[in-house]
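*Asks:* Below is the structure I would like to discuss, written out as C-alpha cells.
The values are calculated or read from the model by the stated rules, or taken from the named source; none is laboratory data. The structure presented is a predicted model; accordingly, all values stated were derived computationally and were not measured. Ideal geometry is used to build each Cβ from the backbone, glycine not excepted, and the neighbour counts take in all protein chains shown.
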Amino acid sequence: MPVIGVLALQGDFVEHINMLDTLEVNSKEIRSKNQFKNIDGLIIPGGESTSIMRLIEIFDLKNEIISCSKKGMPIWGTCAGMIIVAQNIIHNESQDKVRKYDPLNLIDIDVNRNAFGRQIDSFEHDIDVEGLHDPYHSIFIRAPQVSRAGKNVEILASINKTKPVILKQDNILVSSFHPELTNDNRIHNLFMQMVLRR
Ligand code: GLN
C-alpha cells in the first residue's frame, strides 16, 4: 500500500489526511527532511504560500522536495501549494510589501497570487474535470490564477474554458481550489491513480 506524505507546516494538511482516510490511503505528516523516506507521493496543501515557503526554508526542505520531484514522485499542490510548485509567481501592486521568494519550479506555469480576489471574493463553482464523469463542485478561497502554462502542461479543467484550475505535467498535479474541503474524494482519487501508475 502506498504512503502519501502531506506537508504539515501550515494550512489545511489535516483535511487532506482526512480525505485520504476516506480512500483508505495511508498518510504521513511531513515536517522534517528524514520524513521524506518511504513515501510514494506528496501533497502540498493550501494555506498561506508565503508562510509555507518560509517554513520550507527554515526547515531546509526545499532540496528534498525538488529531489523527490526529479525522481518522478507524484506531487500535488493545492492552492497555496500550487503557488509554491510553480515556475514564477506574478505579484500585483497591492502585494508589494509581501516578502518575495523563488517558487520551487516543478511545473511550467506562472501563477498570479490572489487573482480571483480577496477572502470575501471566495466562491464555489462546478467544473468538468478530464477523467471524471460528473462535474466537481470546487471551492476557491483567495485562489491563484494560472497566467501562463507551458506547452507540455495538460489542462484538466478550466472555468469558463479560459481559466485553468487543474493542471498536470508529468508527475506534478496542481489545483487552484480545495478538494480537501468537500465530501468528494474524486480528485484525491485522481492523484492516487498517478501514484499507483508510477
Ligand atoms: N492566497 C493564498 C496565498 O497566496 C492561497 C490561499 C489558499 O491556499 N486558499 O498563499
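*Asks:* Going residue by residue through segment 129-138, is there one that turns out to be out of contact with any helix residue (DSSP H, G or I) (no Cβ under 8 Å at 6 or more places or on another chain) and among the small types (Gly, Ala, Ser)?
*Replies:* Among the residues of segment 129-138, not one is out of contact with any helix residue (DSSP H, G or I) (no Cβ under 8 Å at 6 or more places or on another chain) and among the small types (Gly, Ala, Ser), which makes the answer no.
*Asks:* Anything in segment 109-128 that is touching a residue at least 24 places away in the same chain (Cβ under 8 Å), part of a strand (DSSP E or B) and out of contact with any helix residue (DSSP H, G or I) (no Cβ under 6 Å at 6 or more places or on another chain)? List them, or say none.
*Replies:* Result: Ile109, Asp110, Asn112, His125, Ile127.
*Asks:* Has segment 136-149 got at least one residue that is under 13 Å from Ser176 (Cβ atoms), in a loop (DSSP other than H, G, I, E, B) and more than 10 Å from the ligand (Cβ to nearest atom)?
*Replies:* no
*Asks:* Within segment 103-117, count every residue that is within 17 Å of Lys70 (Cβ to Cβ) and surrounded by fewer than 20 Cβ atoms within 10 Å (Cβ to Cβ).
*Replies:* Counting residues in segment 103-117 that are within 17 Å of Lys70 (Cβ to Cβ) and surrounded by fewer than 20 Cβ atoms within 10 Å (Cβ to Cβ) gives 2.
*Asks:* For Pro144, only one of the following conditions fails: (1) surrounded by 13 or more Cβ atoms within 10 Å (Cβ to Cβ); (2) modelled with pLDDT of 95 or more. What is its number?
*Replies:* For Pro144, the failing item is (2).
*Asks:* Let me ask you something else. Here's a check for you: in segment 153-167, which residue that is touching a Leu at 6+ places or on another chain (Cβ under 6 Å) and surrounded by fewer than 24 Cβ atoms within 10 Å (Cβ to Cβ) is farthest from Asp121 (Cα to Cα)?
*Replies:* Top of the filtered list is Val153.
*Asks:* Limited to segment 102-122, what total is found for residues that are touching a Lys or Arg at 6+ places or on another chain (Cβ under 9 Å) and at pLDDT below 85?
*Replies:* 6
*Asks:* Return yes when Ser67 is exposed (fewer than 15 other Cβ atoms within 10 Å of the Cβ) and not in a loop (DSSP other than H, G, I, E, B) and no when it is not.
*Replies:* Considered against the rule, which asks whether it is exposed (fewer than 15 other Cβ atoms within 10 Å of the Cβ) and not in a loop (DSSP other than H, G, I, E, B), Ser67 comes out as yes.
*Asks:* Scan segment 9-28 for residues that are outside any loop (DSSP other than H, G, I, E, B), away from the ligand (no atom under 13 Å from the Cβ) and surrounded by 15 or more Cβ atoms within 10 Å (Cβ to Cβ) and jot them down.
*Replies:* Scanning segment 9-28 gives Ile17, Met19, Leu20, Ser27, Lys28.
*Asks:* In segment 160-198, what residues are in a strand (DSSP E or B), more than 16 Å from the ligand (Cβ to nearest atom) and β-branched (Val, Ile, Thr)?
*Replies:* Within segment 160-198, Ile172 is the sole residue that qualifies.
*Asks:* Hey, any hits in segment 86-93 for a residue that's of a type outside the set (Lys, Arg), at pLDDT 95 or above, farther than 16 Å from Lys168 by Cβ and outside any strand (DSSP E or B)?
*Replies:* Checked against the condition, which is being of a type outside the set (Lys, Arg), at pLDDT 95 or above, farther than 16 Å from Lys168 by Cβ and outside any strand (DSSP E or B), segment 86-93 yields no hits at all.
*Asks:* Can you tell me which residue is nearest to the ligand (Cβ to nearest atom) among those in segment 51-64 that are β-branched (Val, Ile, Thr) and crowded, with 19+ Cβ neighbours inside 10 Å?
*Replies:* For segment 51-64, the residue satisfying everything is Ile52.
*Asks:* Across segment 141-183, what is the number of residues that are without any contact (Cβ under 8 Å) to a residue 60 or more places away in the chain, under 23 Å from Asn18 (Cα atoms) and touching a strand residue (DSSP E or B) at 6+ places or on another chain (Cβ under 8 Å)?
*Replies:* 3
*Asks:* From Gly81, Gly46, Gly41, Gly77, which residue is away from the ligand (no atom under 15 Å from the Cβ) and either in contact (Cβ under 8 Å) with a residue 60 or more places away in the chain or touching an Asp or Glu at 6+ places or on another chain (Cβ under 8 Å) (or both)?
*Replies:* Within the list Gly81, Gly46, Gly41, Gly77, the selection yields Gly41.
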